[in-house]
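For reference, the structure discussed in these notes is given below.
The values are calculated or read from the model by the stated rules, or taken from the named source; none is laboratory data. Quick caveat: nothing in here was measured; it's all calculated off a predicted structure. Positions of Cβ are generated from backbone atoms using ideal geometry, with glycine treated the same way; all protein chains shown enter the neighbour counts. Accessible surface is based on the protein model in full, side chains and every heavy atom, while ligands, DNA and RNA are left aside. Shrake-Rupley method; radii C 1.70, N 1.55, O 1.52, S 1.80 Å.
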Amino acid sequence: MSARTSLAAKAPEERRRRILAAAVEVLKDKGFAGARIADVAAVAGTSPALVVYHFKTLDGALAEALGSVEDDFYTDLEHALPPKATAVERLRVMGELGCDTGPAVGNWALWMEVWVRALRDGQARALRRALDMRWRQMLREVVDAGIAEGSFTCADPGATVVRLAALMDGLAVQVALHDPDVPEARMRDLWLESAAEEL
């Protein structure tokens, strides 16, 4: 049985999951400008018609691919947090996972695709906003918890959260671009040092 036939025989959710994983792979490899629905179908072992059925457009595949990568990140974060973690521990784990120089940084290529498209595309702009707000909300919860615990001192938590989120984005872009002034090994330390200064 061919890969295409075996995928077609699977339940719709399994088909969708495999197509989504293929979309992530293609978008990381070729970027949005170079990706085609046919590429996603080939990697998933299915037909372009099935990709369109599940995602409608390549924009739809990009949005869901980035959403699935983000969901995986938050699942990993939830598992990595020790029970009853303090705000300091939570912030450290968030920094370590967010600045992971393994597969997580590879996913920054997807973010860069969204950022570029968001300059001119309303759907991409809304997606970027929603995903940024999710991260900022989590940071804000940790900052507020740290202030309540007496671990953090912060005059303007909202501004601190925006700065910390923007710093992680900026560092990740430099690491993804292999900037020699921002080596992979330093990203986490730079972010955590800045968080300590902010808080």
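Check off (1) assigned to a helix (DSSP H, G or I); (2) open to solvent by 30 Å² or more (accessible area, probe 1.4 Å); (3) modelled with pLDDT under 85 for Ala124 and give me the number that stays unchecked.
With (1) assigned to a helix (DSSP H, G or I); (2) open to solvent by 30 Å² or more (accessible area, probe 1.4 Å); (3) modelled with pLDDT under 85 applied to Ala124, the lone miss is (2).
Go over the candidates Ala65, Ala42, Ala38 one by one and state the one that is modelled with pLDDT under 90 and of a type in the set (A, V, I, L, M, F, W, C). Give the steps one after another, and end with the answer.
Values: Ala42 fails: modelled with pLDDT under 90; Ala38 fails: modelled with pLDDT under 90.
One residue alone meets the criteria, Ala65.
Would you mind stating whether Met112 is under 16 Å from the mean Cα position of the chain (by Cα), assigned to a helix (DSSP H, G or I) and closer than 30 Å to Ala35 by Cα?
Working: under 16 Å from the mean Cα position of the chain (by Cα): yes; assigned to a helix (DSSP H, G or I): yes; closer than 30 Å to Ala35 by Cα: yes.
Considered against the rule, which asks whether it is under 16 Å from the mean Cα position of the chain (by Cα), assigned to a helix (DSSP H, G or I) and closer than 30 Å to Ala35 by Cα, Met112 comes out as yes.
Exactly one of these conditions fails for Gly158: (1) under 23 Å from the mean Cα position of the chain (by Cα); (2) open to solvent by less than 70 Å² (accessible area, probe 1.4 Å); (3) under 20 Å from Cys99 (Cα atoms). Give me its number.
Here Gly158 meets the rest and fails (3).
Just name the residue that is most open to solvent (accessible area, probe 1.4 Å) out of those in the range 51-85 that are aromatic (Phe, Trp, Tyr) and farther than 13 Å from Ala21 by Cα.
Quick first cut of the range 51-85, residues aromatic (Phe, Trp, Tyr) only: 53, 55, 73-74.
Okay, now just the ones that are also farther than 13 Å from Ala21 by Cα, so 53, 73-74.
Values: Tyr53: 147, Phe73: 39, Tyr74: 24 Å².
The extreme case among them is Tyr53.
Somewhere in the range 136-154, is a residue over 18 Å from Phe32 (Cβ atoms), among the basic types (Lys, Arg), at pLDDT 90 or above and surrounded by 16 or more Cβ atoms within 10 Å (Cβ to Cβ)? Steps first, please.
First, the residues of the range 136-154 that are over 18 Å from Phe32 (Cβ atoms): 136-154.
Next, only the ones that are among the basic types (Lys, Arg) stay: 136, 140.
Keeping just the survivors that are at pLDDT 90 or above gives 136, 140.
Still in the list and also surrounded by 16 or more Cβ atoms within 10 Å (Cβ to Cβ): 136, 140.
Yes.
I'd like to know if the range 103-117 contains one or more residues that are under 17 Å from Leu27 (Cβ atoms) and loosely packed, with under 13 Cβ neighbours inside 10 Å. Full working, then the answer.
Filtering the range 103-117 for residues under 17 Å from Leu27 (Cβ atoms) gives 103-117.
Filter once more, keeping what is loosely packed, with under 13 Cβ neighbours inside 10 Å: 103.
The answer is yes, given that some residue of the range 103-117 is under 17 Å from Leu27 (Cβ atoms) and loosely packed, with under 13 Cβ neighbours inside 10 Å.
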